[in-house]
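As structure tokens, the structure follows; a few thoughts come after it.
The values are calculated or read from the model by the stated rules, or taken from the named source; none is laboratory data. All values derive from a computational prediction rather than experimental measurement. All Cβ positions, glycine included, derive from the backbone under ideal geometry; neighbour counts span all protein chains shown.
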Protein chains: 2
Amino acid sequence: MEDALLKEIISKNGTKIVLVVADGLGGLPSAETGLTELETACTPNLDRLAKRGSAGLSVPVGYGVTPGSGPSHLALFGYDPTQNRIGRGVLEASGIDFDLQPEDLAARGNFATLKDGLIVDRRAGRISTEENQRLCAILSKEIKEIDGVKIIIRTVKEHRFVVIFRGKEMVEGLSENDPEKEGLAPLRIESLRNESRFAADIAHKFIYGVTEVLKAEKANYPLLRGFAKKPSLPSFDQKYFLRAAAIASYPMYRGLARLAGMEVLLTGEKISDELETLKKNFQDFDFFYIHIKKTDSYGEDGNFAAKVKVIEEVDSAVGEIEKMQPDVIAVTADHSTPALLRGHSWHPNPFLLISRYAMPDNLSGFSERECRKGSFGAFPATEIMPLLLAHSLRLRKFGA
Amino acid sequence: MEDALLKEIISKNGTKIVLVVADGLGGLPSAETGLTELETACTPNLDRLAKRGSAGLSVPVGYGVTPGSGPSHLALFGYDPTQNRIGRGVLEASGIDFDLQPEDLAARGNFATLKDGLIVDRRAGRISTEENQRLCAILSKEIKEIDGVKIIIRTVKEHRFVVIFRGKEMVEGLSENDPEKEGLAPLRIESLRNESRFAADIAHKFIYGVTEVLKAEKANYPLLRGFAKKPSLPSFDQKYFLRAAAIASYPMYRGLARLAGMEVLLTGEKISDELETLKKNFQDFDFFYIHIKKTDSYGEDGNFAAKVKVIEEVDSAVGEIEKMQPDVIAVTADHSTPALLRGHSWHPNPFLLISRYAMPDNLSGFSERECRKGSFGAFPATEIMPLLLAHSLRLRKFGA
């Protein structure tokens with residue numbers, strides 16, 4: 001929906017909306033059974049709700065486009081992902097509550113293992129968060145500034161860190177050095193425009209510095225992605241008149257929610273912690289975004305069975321959410337992550353909306369192949385927010 | 001379809017197209033039976049045609065958008081409803097054959113009942129058309145002019161009237177005074193831009209004048225909506241090379257058809273009158289728009305059973321239309337009006353197209369939930385006209 005149209009018809013009321021995002025939920029069939037992860041999982045709650053809710057397949061960015069988590073979440077939140085770019089670095093920095101300044105260029109880092117000039121492990125064996133903290137402490141002490149640019153290094157989680165380059169000349173327009181596959185040499189960070197040459201030089205010097213400082217470590221190489229500056233988005237309050245809260249255990253999603261102006265609630269690692277957080281705060285917000293990470297993580301690992309297990313946990317959680325009686329519940333994903341592909345994919349996302357005013361689609365269950373028979377058909381993920389608002393009676397009639 | 005593309009491929013031939021619009025046709029299930037109004041109705045003709053026609057769910061303005069009758073009809077007729085705005089006042093004025101002048105600002109009025117400062121009945125008990133005519137006669141005599149602006153008051157139907165403010169300074173940009181709910185005070189008409197201050201003053205003085213003149217009546221307060229001037233749209237003849245006729249018993253729809261350049265045929269109140277009009281004029285036009293109002297009226301009243309009955313009448317009418325052998329018949333709605341919601345809604349419209357060249361969708365019947373399985377899926381209502389033209393072989397090949 002165009003912003004101008006939304007502005008014309010948006011209104012407030014006392015209804016409650018819960019958007020459950022099971023990251024990377026959609027999958028592809030296992031060769032043995034012909035069933036996807038979601039079709040394999042035992043999901044009595046979702047199947048029951050698929051009878052009385054309206055369903056569809058949401059397309060995050062476009063047909064055939066495999067989105068990263070940034071664009072796919074922007075679409076879910078109703079921001080055009082091709083018009084609003086949020087670099088991974090910014091997401092990661094926001095996710096650890098780092099207050100980015102206008103002159104900051106942030107990049108997401110992986111501690112990786114380089115051997116004989118090749119990246120042999122892109123995650124340095126998924127080192128622990130504590131190990132990451134030890135490495136960041138060393139680097140922070142050894143690399144404080146490069147050619148007048150202040151260097152700030154922060155642990156995110158496991159092998160992930162953020163580096164912030166603080167300096168007036170640090171602009172966007174850098175390529176990444178992650179070869180995306182193991183057994184390949186790291187790429188060279190290139191300046192994509194004239195103005196970013198200085199920034200590229202600083203990045204090269206930073207990478208060289210890290211390899212010098214960490215040369216005796218297993219985690220001896222920084223893979224840098226998503227060099228970016230902070231964008232400005234209208235908040236959920238401004239755009240939708242919604243007091244919105246985010247419940248996410250994983251930093252990047254907290255970061256994205258914060259960029260959309262959501263209040264990020266303190267929560268734990270487990271789905272049950274997230275549910276507890278929802279219960280405790282249920283009265284204080286109009287809109288809740290609940291993010292479940294593990295569906296995606298196991299998809300990325302190619303672990304079909306573990307992904308099935310997490311989906312079953314999601315199913316129980318949705319049953320619990322239903323008991324809190326929000327006016328609208330939606331269950332969907334930001335993008336698909338089929339275990340078969342061990343990564344994000346372009347496949348559209350199963351989407352289910354439950355509300356008193358939803359057309360009951362009478363689907364035989366909640367799955368990729370049932371959802372395509374639903375009322376909404378295949379539709380852009382950017383239309384999810386308008387649908388949630390409509391079903392909570394928050395959109396006035398357009399025109400006479 | 002873009003106008004430029006249409007212009008490139010449009011052609012004429014001798015085929016006939018009939019578009020049946022059952023206003024507010026789509027609904028939501030009854031709590032007792034789980035069936036919608038359309039699913040409940042006995043519709044042997046539509047069900048039979050749903051086997052051999054192509055179906056879909058048409059989205060009038062956008063996902064989640066509840067359209068008024070103006071925008072939803074513009075979409076049906078192939079005009080972008082967010083780019084072409086037609087105020088309710090203009091629709092109502094056109095519907096009573098009032099010839100709007102460039103300096104006219106028209107508003108739709110409801111005779112309402114004000115008691116102790118609150119609107120206790122927004123329709124003054126749905127007064128009769130005769131009673132409305134009596135009140136308009138009194139007002140026309142008592143309020144002829146305000147500060148140089150000529151005031152013209154005309155009965156529409158039941159509690160509805162039109163007021164035309166004729167004066168050079170009467171421009172668009174006024175808010176409405178209808179609180180939309182009973183038990184609330186009327187709103188204050190505000191000027192939405194600097195240029196409309198004078199117009200707002202005239203409106204205030206008019207409202208005050210009416211309350212003075214009608215203070216002894218049950219219908220003692222004018223609710224004014226949709227202050228607007230006449231827009232200019234390319235006609236059906238210009239846009240589609242179609243000699244188009246409108247058959248509608250309710251004024252507003254005649255008005256809208258006239259704005260699209262259709263010839264408005266004289267007809268009666270009943271569906272059978274409309275059929276008679278179609279039969280009599282069948283040879284003289286290429287395109288017929290037939291509007292059935294009562295499906296919407298009963299939906300707005302929350303009268304599920306009465307809406308079901310009207311749908312059954314529509315079904316018989318479609319059977320009769322089929323016998324006239326037009327090349328293309330389409331049956332759909334402008335928007336949904338579920339009895340459950342007692343008003344327009346955002347739910348997409350069941351759409352059925354019958355033509356020798358339509359893919360037979362073999363649906364088990366004509367309903368919201370069957371149509372979603374049809375060839376067209378969920379699709380924008382603005383694509384209906386291109387589909388009608390294509391199935392009547394009026395669109396040439398694009399490109400070599």
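Side notes on the structure shown:
- Selected residue (criterion: nearest to B:PHE206 (Cα to Cα)) from residues of the stretch B:97-127 that are assigned to a strand (DSSP E or B), over 23 Å from the mean Cα position of the chain (by Cα) and not hydrophobic (A, V, I, L, M, F, W, C): B:THR113
- Within the option set B:GLU368, B:GLU313, being touching a Pro at 6+ places or on another chain (Cβ under 6 Å), in the same structural domain as B:ASP47 (by TED's automatic domain parsing) and over 30 Å from B:LYS7 (Cβ atoms) holds for one residue only, B:GLU368.
- Residue in the stretch A:86-122 that is surrounded by the fewest Cβ atoms within 10 Å (Cβ to Cβ), counting only those that are within 13 Å of A:MET170 (Cβ to Cβ) and of a type outside the set (A, V, I, L, M): A:PRO102
- Selection within the stretch A:1-12 - in contact (Cβ under 8 Å) with a residue 60 or more places away in the chain, within 14 Å of chain B (Cβ to nearest Cβ) and out of contact with any Ser or Thr (no Cβ under 7 Å at 6 or more places or on another chain): A:MET1, A:ASP3, A:LEU6, A:GLU8, A:ILE9, A:ILE10, A:SER11
- Hey, A:VAL65 hydrophobic (A, V, I, L, M, F, W, C) and surrounded by fewer than 20 Cβ atoms within 10 Å (Cβ to Cβ) or not: yes
- Summed over the stretch A:36-62, the residues that are surrounded by fewer than 19 Cβ atoms within 10 Å (Cβ to Cβ) and under 15 Å from A:SER336 (Cβ atoms) give a count of 1.
- Residues of the stretch B:192-208 satisfying the condition of being touching a strand residue (DSSP E or B) at 6+ places or on another chain (Cβ under 7 Å) and part of a helix (DSSP H, G or I): B:SER196, B:ARG197, B:ALA199, B:ALA200, B:ILE202, B:ALA203, B:LYS205, B:PHE206, B:ILE207
- Hits in the stretch B:15-71 - residues which are more than 8 Å from chain A (Cβ to nearest Cβ), hydrophobic (A, V, I, L, M, F, W, C) and within 30 Å of A:THR382 (Cβ to Cβ): B:VAL21, B:LEU25, B:LEU38, B:ALA55, B:VAL59
- Residues located in the stretch B:98-113, provided they are touching a residue at least 12 places away in the same chain (Cβ under 8 Å) and away from chain A (no Cβ under 14 Å): B:PHE98, B:LEU100, B:GLN101, B:PRO102, B:GLU103, B:ASP104, B:LEU105, B:PHE111, B:ALA112, B:THR113
- Criterion violated by A:THR155 - all others in (1) more than 30 Å from A:VAL18 (Cα to Cα); (2) modelled with pLDDT under 95 satisfied: (2)
- Residues in the stretch A:137-167 that are over 15 Å from A:ALA219 (Cα atoms), of a type outside the set (S, T, N, Q), assigned to a helix (DSSP H, G or I) and free of Cβ contacts under 8 Å to residues at least 24 places away in the same chain: 1 in all.
- Residues of the stretch B:72-96 satisfying the condition of being touching a Lys or Arg at 6+ places or on another chain (Cβ under 8 Å) and away from chain A (no Cβ under 13 Å): B:GLY78, B:ILE96
- For A:ARG134: the one exception among (1) in a loop (DSSP other than H, G, I, E, B); (2) farther than 22 Å from A:LYS230 by Cβ: (1)
- Unique match (being of a type outside the set (Phe, Trp, Tyr) and in the same structural domain as B:GLU39 (by TED's automatic domain parsing)) among B:ALA400, B:ALA378: B:ALA378
- Just one of (1) out of contact with any strand residue (DSSP E or B) (no Cβ under 8 Å at 6 or more places or on another chain); (2) under 30 Å from A:LEU395 (Cα atoms); (3) modelled with pLDDT of 95 or more fails for A:ALA4. It is (3).
- In the condition set (1) more than 25 Å from A:ILE292 (Cβ to Cβ); (2) free of Cβ contacts under 8 Å to residues at least 60 places away in the same chain; (3) among the small types (Gly, Ala, Ser), A:SER249 is compliant with all but (1).
- Looking across the stretch B:208-221, the residues that are under 11 Å from B:LEU139 (Cα atoms) and in contact (Cβ under 8 Å) with a residue 24 or more places away in the chain come down to B:GLY209, B:VAL210, B:THR211, B:VAL213, B:LEU214.
- Filtered residue count, the stretch B:313-342, keeping only those that are within 14 Å of chain A (Cβ to nearest Cβ) and hydroxyl-bearing (Ser, Thr, Tyr): 2
- Per this entry, B:ALA246 is counted among residues that are of a type in the set (A, V, I, L, M), crowded, with 22+ Cβ neighbours inside 10 Å, part of a strand (DSSP E or B) and at pLDDT 95 or above.
- Residue within the stretch B:364-376 that is among the aromatic types (Phe, Trp, Tyr), at pLDDT 95 or above and within 17 Å of B:ALA50 (Cβ to Cβ) present: yes
- Complete set of residues in the stretch A:379-400 that are of a type in the set (A, V, I, L, M, F, W, C) and facing chain B (nearest Cβ under 7 Å): A:PHE379, A:LEU387, A:LEU389, A:ALA390, A:LEU395, A:PHE398, A:ALA400
- Restricting the search to helices (runs of 4 or more DSSP H) fully inside the stretch A:292-400 and requiring at least 3 residues that are crowded, with 17+ Cβ neighbours inside 10 Å and under 20 Å from the mean Cα position of the chain (by Cα) gives A:294-300, A:304-323, A:384-391.
- Filtering B:GLU190, B:GLU182 for residues that are closer than 24 Å to B:LEU118 by Cα, surrounded by fewer than 17 Cβ atoms within 10 Å (Cβ to Cβ) and without any contact (Cβ under 8 Å) to a residue 60 or more places away in the chain leaves a single hit, B:GLU190.
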